[in-house]
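Trainee: What follows is a structure written as structure tokens; I'll ask about it next.
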Amino acid sequence: MRQYLLIPGPTPLPREVLEASSKQMLNHRGPEFGKILAEALAALRRVFMTRNTVIPFASSGTGGLEAAVVNLCSAGDTVIAVTGGNFGDRFAAIAQAFGVNVERVDVPWGEAVDPAAVRAALRRSPQAKAVLVTHSETSTGVRHDVGAIASFVRETPALMVVDAVSSLGAIELRTDEWGIDVVITGSQKALMAPPGLALVSVSDRAWAATKTATLPRFYWSFDRMKADLGETSASTPFTPAMSVVFALHAGLRLLEAEGIERRFERHRRVAAAVRAGVAALGLRLLPKPEHSSETVTAFWPPDGIAPNAILDAMRAKHGVVVAGGVGKLAGKIIRFGHLGWIEDDAILTGLRALETELRNAGADAGRGAEAAAREILVGAPA
Ligand SMILES: Cc1ncc(COP(=O)(O)O)c(C=O)c1O
């Protein structure tokens with residue numbers, strides 16, 4: 001049975017990317033690999049919408065979050081962190097683990113932060129070193145308005161640091177135009193590559209902060225990683241995840257052929273289609289629609305129906321793999337991921353499977369989820 005993978009990363013990969021990831025190894029310090037890495041980093045700068053250096057760590061996205069903390073902060077510093085989801089909470093926990101004081105701007109799970117609350121926190125803690133915000137909070141399907149928050153953080157000494165692990169390359173994020181100092185993403189989300197790379201862009205203001213930050217760091221040192229990242233040839237001090245770099249290089253080619261603005265628009269359209277399908281089933285979104293992420297849609301099952309039984313039946317009977325809740329939403333919600341290389345067919349099959357299995361579970365589900373989504377995806381009802 002074909003598998004339809006509709007989780008918010010890792011994502012399915014196009015054939016060109018799979019082929020690139022199976023290439024033979026090269027000398028990781030030789031000219032051929034140096035050129036591939038340099039090209040990938042140049043393409044990444046365009047996707048990050050920045051002129052800043054992008055650093056490629058061999059790690060999952062969380063390593064990039066930890067790298068941001070240890071390069072920018074000293075023990076006893078204060079940071080402001082938007083929490084209210086698994087990943088916002090994780091960023092705060094990393095800072096705390098290193099002895100950084102965390103002033104939380106806590107929002108209920110499923111809500112977007114009010115930028116005014118972050119501004120108030122900055123007034124209370126004007127010495128804050130950084131403001132940590134998750135762009136797309138994957139656990140709740142909420143998109144926080146990082147543009148609005150950056151517009152006043154950039155006027156203060158605090159650095160604006162954004163976890164864009166499940167948004168970069170899919171949801172509008174204009175690093176330089178919006179004045180964002182550090183942006184972190186992972187290869188396995190919208191960039192159409194396998195897991196294995198954390199990618200971090202670092203502004204001049206952030207480089208200046210690294211000079212006085214005293215938290216211990218070795219593998220995660222921005223300085224050490226940057227030393228040989230040249231324009232035409234790049235290498236890293238530690239063995240890079242070469243197969244993932246090959247794949248990323250191929251994925252970025254496809255991404256650039258599509259165009260970043262068209263990509264943002266496509267993700268908006270696919271997310272609107274999934275929301276229309278969910279609404280047709282009579283189900284309630286967790287976030288307000290205007291705060292719903294364009295890469296992951298989170299919604300409640302019908303009253304009295306356990307989501308995990310529905311997810312099991314979708315996987316076993318239809319080959320459709322969607323995500324449940326995590327953290328305090330474990331066993332409570334359903335999440336459809338739709339980022340990177342998304343086939344309309346997978347979205348429509350996913351909604352049809354959901355509709356069938358809700359009905360098999362005895363739910364009084366509405367009808368026509370697939371048709372509602374199809375109308376937005378291809379412009380006409382089936
Ligand atoms: C918003 C966000 N931040 C951080 C992470 C952590 O990334 P990783 O699992 O690659 O360490 C994820 C992973 O799903 C995420 O969605």
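The values are calculated or read from the model by the stated rules, or taken from the named source; none is laboratory data. Small disclaimer: the values here were computed from a predicted structure and weren't measured. Cβ atoms come from the backbone with ideal geometry, glycine included; neighbour counts cover every protein chain shown. Accessible surface areas use protein heavy atoms only, side chains included; no ligands, DNA or RNA. Shrake-Rupley method; radii C 1.70, N 1.55, O 1.52, S 1.80 Å.
Trainee: Rounding to the nearest 10 and keeping the result within 0 to 90°, find how far the Cα-based axis of helix 86-97 lies from the longest principal axis of the chain.
Mentor: Its long axis makes an angle of about 30 degrees.
Trainee: Tell me, what % of the accessible area of the range 152-304 is carbon and sulfur with a 1.4 angstrom probe?
Mentor: Working: 3020 of 5700 Å².
Carbon plus sulfur share of accessible area: 53 percent.
Trainee: Further, regarding this structure: Where the convex hull is taken over the Cα atoms of the chain, what is its projected area averaged over directions, in nm²?
Mentor: Result: 18.1 nm².
Trainee: I've got another one for you. Across the chain, how many lysine pairs, 8 or more apart or on two chains, come within less than 30 Å at their alpha-carbon atoms?
Mentor: 20
Trainee: Using a Gaussian network model of the chain with C-alpha springs under 10 Å, which one of 235, 166, 151 is most mobile by mean-square fluctuation?
Mentor: 151
Trainee: Normalised by the residues of the chain, what does the relative contact order come to in percent, with Cα pairs under 8 Å and at least six apart?
Mentor: Working: 836 pairs, mean separation 91.0, N = 382.
Relative contact order for the chain comes out at 24 percent.
Trainee: Just the number please: accessible area per residue for the range 140-257, 1.4 Å probe, all protein chains included, in Å². If you can, show how the numbers build up before the last one.
Mentor: Numbers: 4010 Å² over 118 residues.
Result: 34 Å² of accessible area for each residue.
Trainee: How high is the FRET efficiency between residue 343 and residue 27 when r is their beta carbon distance and R₀ equals 41 Å, given to the nearest 0.05? Could you put the intermediate results ahead of the total?
Mentor: Details: r = 37 Å, r/R0 = 0.90.
My answer for the efficiency is 0.65.
Trainee: Separate question: Restricting to Cα pairs below 8 Å that are 6+ residues apart, what does the relative contact order work out to for the range 307-382? Please round to a whole percent. Spell out each step's value before the answer.
Mentor: Details: 71 pairs, mean separation 17.7, N = 76.
Dividing the mean separation by the residue count of the range 307-382 yields 23 percent.
Trainee: Treat each spin label as a single point 7 Å out from the Cα along the C-beta direction, and report the residue 305 to residue 103 distance in nm.
Mentor: According to this spin-label approximation, the distance is 4.5 nm.
Trainee: Compare 240, 157, 195 in a GNM of the chain, Cα atoms joined below 10 Å, and give the one with the largest fluctuation.
Mentor: Looking only at 240, 157, 195, the biggest GNM fluctuation is shown by 157.
Trainee: Using 0.36 nm times the number of residues separating residue 290 and residue 114, minus their current alpha carbon distance, what extension gain do you get?
Mentor: On the way: separation 176, 0.36 × 176 = 63.36 nm, distance 1.32 nm.
62.0 nm is the gain from fully extending residue 290 to residue 114.
Trainee: Using the Kirkwood radius over C-alpha pairs as Rh, can you work out the diffusion coefficient of the range 118-228 via Stokes-Einstein at 10 °C, viscosity 1.306 mPa s, in µm² per second?
Mentor: Numbers: Rh = 15.0 Å.
Translational diffusion coefficient: 106 µm²/s.
Trainee: Within the range 143-243, which chymotrypsin sites (Phe, Trp or Tyr not before Pro) sit in a loop by DSSP and count at most 14 neighbouring Cβ atoms inside 10 Å? Kindly include the intermediate steps, with their values, before the conclusion.
Mentor: Values: sites: 152, 178, 207, 218, 219, 220, 222, 238; in loops: 218, 219, 220, 238.
Those satisfying the criteria are 218, 238.
Trainee: Which distance in nm do the two modelled labels at residue 45 and residue 218 give, with both placed 7 Å along the Cα-to-Cβ direction?
Mentor: About 3.1 nm, to one decimal.
Trainee: If you look at just the Cα atoms of the range 145-191, how large are its Rg and its Dmax in Å?
Mentor: Computed over the Cα atoms of the range 145-191, radius of gyration and Dmax are 10.8, 33 Å.
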